[in-house]
């Protein structure tokens, strides 16, 4: 007569119980984690609402939401020429839920303009996808009677230090275009930085400024309404939307450049998330609807992989750093 199960059976039961216990305390495999995105995504715009950066970020966000099946929310964190919003994203978790619509100012110019920055534009971000390229336009109020850049320079020379000009912020291409013009001609005007293009545009419409330098896309409605007068475009060629307005370089060779915006993530953003976002943004920007809208606003788009865009960004840092140094522009 046996008093219990055989020893071999007891050993087998013990092994099974140990295996169950180990499985219970072991971490879940990565494959079992919720796939990205599993909750709302936030895209930070480091400028005030109303400019082309804000407008096109919202258009892209709306399309992404439909594709990713999650809300994509746009948050404006304006200030310090885009540095406040950029720093916020640089310090965010690299989980794909906090992104930045940065641009030429935040990710190529400011590093040469400021003595210190709260972030490194290369080390502290992951390039994801290019957005749009925008030309700039120099605007005056119709009451000034200024017809071209030479008229502006003559007026500024007759009133040294008395005239005011504005743009969307210190270190924006629009700001630097005027600084370069003043360096070339020797005239001086007072600079008034605004938190966004819409604020600067309102100031020139009111007549608070003699000159504003803004993206063509932002200024076009007011130009067409006759509330502001374009006297030059700052780009390599004349604007298709403003074919009768000369480029700044036609009067002063070598002056004038446009801008760009692009999607960035925090450092260490996983490659699979980067690649998916790049594909989705590229699809959105290439769509017939977006292509038509870009053309109507005098904007363009160029497709790039994340690696290609990273190389482009580094080249822009070198290019604009040379301009900042040659113009002697510094911000404390």
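The values are calculated or read from the model by the stated rules, or taken from the named source; none is laboratory data. This one's a predicted model, so the numbers in the text were calculated from it and none came from an experiment. Cβ sites come from the backbone with ideal geometry, for glycine too, and all protein chains shown count toward neighbours.
One table, with the values for the structure above:
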| read-out | value |
| --- | --- |
| In segment 32-55, the residues that are at pLDDT below 90 and out of contact with any strand residue (DSSP E or B) (no Cβ under 8 Å at 6 or more places or on another chain) | 32, 33, 34, 50 |
| Residue satisfying all of: in segment 96-119; in a loop (DSSP other than H, G, I, E, B) and in contact (Cβ under 8 Å) with a residue 24 or more places away in the chain; surrounded by the most Cβ atoms within 10 Å (Cβ to Cβ) among these | 96 |
| Residue match in segment 113-124 (condition: within 29 Å of residue 292 (Cα to Cα), modelled with pLDDT of 95 or more and not assigned by TED's automatic domain parsing to the domain that holds residue 193) | no |
| Test set (1) assigned by TED's automatic domain parsing to the domain that holds residue 216; (2) modelled with pLDDT of 95 or more - residue 172 fails condition number | (2) |
| Residues being over 24 Å from the mean Cα position of the chain (by Cα) and outside any loop (DSSP other than H, G, I, E, B) - total across segment 197-222 | 2 |
| Condition broken by residue 292, with the remaining ones in (1) without any contact (Cβ under 8 Å) to a residue 40 or more places away in the chain; (2) assigned by TED's automatic domain parsing to the domain that holds residue 121; (3) touching a strand residue (DSSP E or B) at 6+ places or on another chain (Cβ under 6 Å) satisfied | (3) |
| Qualifying residue in segment 298-306 (condition: under 16 Å from residue 123 (Cα atoms), over 16 Å from the mean Cα position of the chain (by Cα) and assigned by TED's automatic domain parsing to the domain that holds residue 85) | no |
| Lone unmet requirement of (1) in the same structural domain as residue 270 (by TED's automatic domain parsing); (2) out of contact with any helix residue (DSSP H, G or I) (no Cβ under 8 Å at 6 or more places or on another chain); (3) at pLDDT below 95 for residue 29 | (1) |
| Tally of residues being touching a strand residue (DSSP E or B) at 6+ places or on another chain (Cβ under 9 Å) and over 20 Å from residue 239 (Cβ atoms) across segment 146-164 | 5 |
| Residues located in segment 56-67, provided they are surrounded by 18 or more Cβ atoms within 10 Å (Cβ to Cβ) and in contact with a strand residue (DSSP E or B) (Cβ under 8 Å, 6 or more places away or on another chain) | 56, 57, 60, 61, 64 |
| Pick from segment 276-289, criterion part of a helix (DSSP H, G or I) and out of contact with any strand residue (DSSP E or B) (no Cβ under 9 Å at 6 or more places or on another chain), ranking: surrounded by the most Cβ atoms within 10 Å (Cβ to Cβ) | 284 |
| Within segment 154-172, tally of residues that are in contact with a helix residue (DSSP H, G or I) (Cβ under 6 Å, 6 or more places away or on another chain) and crowded, with 20+ Cβ neighbours inside 10 Å | 8 |
| Segment 66-95: number of residues that are in contact (Cβ under 8 Å) with a residue 40 or more places away in the chain and either assigned to a loop (DSSP other than H, G, I, E, B) or not assigned by TED's automatic domain parsing to the domain that holds residue 48 (or both) | 7 |
| Number of the condition not met by residue 236 [criteria: (1) touching a strand residue (DSSP E or B) at 6+ places or on another chain (Cβ under 8 Å); (2) in contact (Cβ under 8 Å) with a residue 24 or more places away in the chain; (3) in a loop (DSSP other than H, G, I, E, B); (4) closer than 20 Å to residue 176 by Cα] | (2) |
| Single residue of 294, 269, 263, 255 found to be assigned to a loop (DSSP other than H, G, I, E, B) and closer than 27 Å to residue 98 by Cβ | 269 |
